[in-house]
Amino acid sequence: MTGVAIVGIGMHPFGRFEDKTVTEMGVEAVRAALGDAGDPEFQAAFCGTAYSGVAAGHKVLGALGRTGTPIVDVEAGCASGGAALMLAAGAIRAGQYDCALVFGIEKMPKGIIRSSFFEPWREEAGLAATPAYFALRAQRLMRESGVTKDLLAQVVVKNRRQGVHNPDAMFRAEVTADEVLASRLVCEPLHLWMLCSPNEGAAAVVLRAAPARDGGGPGVTLAAATLRSHLPGSALHEGTPLSGLADDADIPAPTTLAATAAYEEAGLGPADLDVVECQDTDAARELLSYEELGLCPQGESGEWIAEGVTALGGRLPVNPSGGLLSKGEPLGASALGQVVELTRQLRGGAGPRQVDGARTALGHTVGRGANASVVLLQR
Amino acid sequence: MPGVRPVHEGLFTPEHLIGGRCDACRRHHFPAATTCPYCGSTAVTEVALSDTGTLWAWTAVTAPPPGYRGEVPFGFGVVELPEGLRVITRLGESDLSRLSFGQAMKLDIAPLHEEDDGTAVVTYSFVPSECA
Ligand SMILES: [Zn+2]
């Protein structure tokens, strides 16, 4: 079977850029990725975005004079970029294309994200407060996994420390646990600094057909790219239902479904991983991701953060880029931003935040829908 | 004369939440639907759900979310009903020191906000049983 190589990466930094359009940010990221790949001809383009409107991908490629191929905009909430990557990789594996461009762009509204996802009555009743759902998930994690508020703060301290070295991040100053816990209480147990900021940015990758399981070359291989939705049952899954079942112990989370499929597709497991970029919409979400991705056993995510397992220099560094807590979250761009970071890590070009000798990497997003994506990379 | 309007039709009566029970898989769901969200069967019956349950998760919302015109802070959480259902709901208590895991809760149809013509908009919520 045909393999898929990542032959080019490009980023527009994540942050707030008042004087730039989402198209301009996309142009910068795509131009950089195509340049990195040696300016290849691509036969299809996939654009992940949630808030950019109709034919957003066409505007980017139109501005670059690179239209004519199919251009498909993909919306899958926080996993939009992962969904775009899955479609492109699948088409290359099937022999439909030799080379495909995948990019993600976003310019988020400010404040709590207003989504067309909720019916108006849910907003009117106060049942559409996104951070409140995060808080309920955090409270259950604290109860079931021995996580404390101080450990939630430690997640922020870790990611912000790692983000200091990422020029593409929005926040590049270290914070202390005391400062995190002194920031405004949004929804107990979550304080403002434990929540990522919706923002703006773009990321792009170029994929090319490659001999399967190459292994010998210096290039980076896309070993798996999966997308899954939720199974019904959990009251607190990211699809934000109005009810769930009390007996939900055997219902896998969307993240677990995507991860299981990705491990199987790549013939890899959590023990093979050297570096991870995971969804840290809020501090508890990162810890939940450790458990749902199978990085640590159920109930042990608190111990992992306490023992520094996932800090740079630890056994399995998570979010060396600083994560969404440092970068902010431009929905359509966030999954591909992770792929750009992980490709830099596998190429050995991540500078002061390099994970030494990294060969196998996992990227993960999860959010509204529910949508969860998992990407596995190898060199 | 100003009246009372439920925030949405079909969710509750003054006495109980309106849910559904599936004849195929026997699970309950809320809100009531014509198709079971768990197995896809259309053999579902509308039922009155229990007006009491236990508290499973909670927080307080401190800033008004988009589209919300009521007061803050307000309690928000999950109440487990005897039917084996966990319902996402407003809570009539936002002082978190007065809430605990497994606490007995009771349904309360409570005012949300008032419209310009004086109509009171009401919604479902749960309050600690001893206060109801
Ligand atoms: Zn059923």
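Assorted remarks:
- Summing Cβ point charges (Lys, Arg +1; Asp, Glu -1) relative to the Cα centre of chain A gives a dipole of roughly 640 debye.
- Where trypsin sites (Lys or Arg not before Pro) fall in DSSP loop in the range B:19-116, at most 16 other Cβ within 10 Å: B:ARG26, B:ARG69
- Note on chain A: with a GNM built from Cα contacts shorter than 10 Å, the maximum mean-square fluctuation among A:THR360, A:THR310, A:THR176 falls on A:THR176.
- Residue mean of other protein chain beta carbons inside 10 Å, B:35-42: 2
- For the range A:334-341, backbone phi angles converted through the Karplus equation (6.51, -1.76, 1.60; θ = phi - 60°) give residue-by-residue couplings of 5, 5, 6, x, 5, 5, 4, 4 Hz, Gly and Pro being listed as x.
- Within the range A:225-378, antiparallel bridges make up roughly 75 percent of the DSSP beta bridges whose residues both belong there.
- For A:SER243, nonlocal amide neighbours, meaning residues 5 or more places apart or on other chains whose placed amide H falls under 5 Å from its own, are B:ILE88.
- In degrees, nearest ten, helix A:80-93 long axis to first principal axis of chain A (Cα): 40 degrees
- Across A:ASP247, A:ASP178, A:ASP73, mean-square fluctuation computed from a Gaussian network of chain A (C-alpha pairs under 10 Å connected) peaks at A:ASP247.
- 11 Å cut-off, amide nitrogen to a point 7 angstrom out along A:ARG143 Cα→Cβ, residues in the range B:40-77: B:54-59
- Considering only A:ALA223, A:ALA177, A:ALA202, the mean-square fluctuation computed in a Gaussian network model of chain A, springs between alpha carbons under 10 angstrom, is largest for A:ALA177.
- Candidate lysines - alpha carbon under 17 Å from A:LYS158, same-chain residues fewer than 8 apart omitted: A:LYS149, A:LYS327
- Entry for chain A at q = 0.07, 0.10, 0.14 Å⁻¹: log10 I(q)/I(0) = -0.27, -0.56, -1.16, Debye formula applied to identical alpha-carbon scatterers, no solvent contribution.
- Chain A, relative contact order [Cα under 8 Å, separation at least 6], %: 27 percent
- Karplus-derived 3J(HN,Hα) values for the range A:193-204, using 6.51 cos²θ - 1.76 cosθ + 1.60 with θ = phi - 60°, are 6, 8, 10, 6, 9, x, 8, 9, x, 8, 8, 9 Hz; glycine and proline are entered as x.
- Fraction of beta bridges assigned by DSSP in chain A that are antiparallel (%, nearest 5): 70 percent
- A protection proxy built from the mean count of other Cβ atoms within 10 Å ranks the segments A:258-270, A:344-356, most packed first, as A:258-270, A:344-356.
- Set of aspartates and glutamates with alpha-carbon distance to B:LYS106 below 12 Å, sequence-local pairs under 8 removed: B:GLU15, B:ASP51, B:GLU80, B:GLU93, B:GLU130
- Mean partner shielding of peptide A:177-187, defined as the number of other chain Cβ atoms within 10 Å of each residue Cβ, is 2.
- Degrees between helix A:254-266 axis and first principal axis of chain A (Cα, 0 to 90, nearest 10): 40 degrees
- Other-chain or far-sequence residues with amide H under 5 Å of B:THR119's (modelled H): B:GLY3
- The mean count of C-beta atoms from other chains within 10 Å of the C-beta of residues in B:53-60, rounded to a whole number, is 6.
- Annotation note: GluC sites (Glu not before Pro) in the range A:9-114 located in DSSP loop regions with a Cβ neighbour count of at most 11 within 10 Å are A:GLU18, A:GLU41.
- For chain B, leaving out every one of the GluC sites (Glu not before Pro) that falls in a DSSP loop and has at most 11 other Cβ atoms within 10 Å, the longest unbroken run is B:16-132.
- Estimated FRET transfer efficiency (A:PHE117, A:ASP247; beta-carbon r; R0 30 Å; 0.05): 0.65
- Virtual paramagnetic centre 7 Å along Cα→Cβ of B:SER129, amide N under 13 Å, in the range B:45-75: B:51-55
Taken together, the values in this text are just the output of simple stated rules run on the coordinates, not laboratory data. In this text the structure is predicted, and so the values were computed from the model without any measurement. Cβ atoms come from the backbone with ideal geometry, glycine included; neighbour counts cover every protein chain shown.
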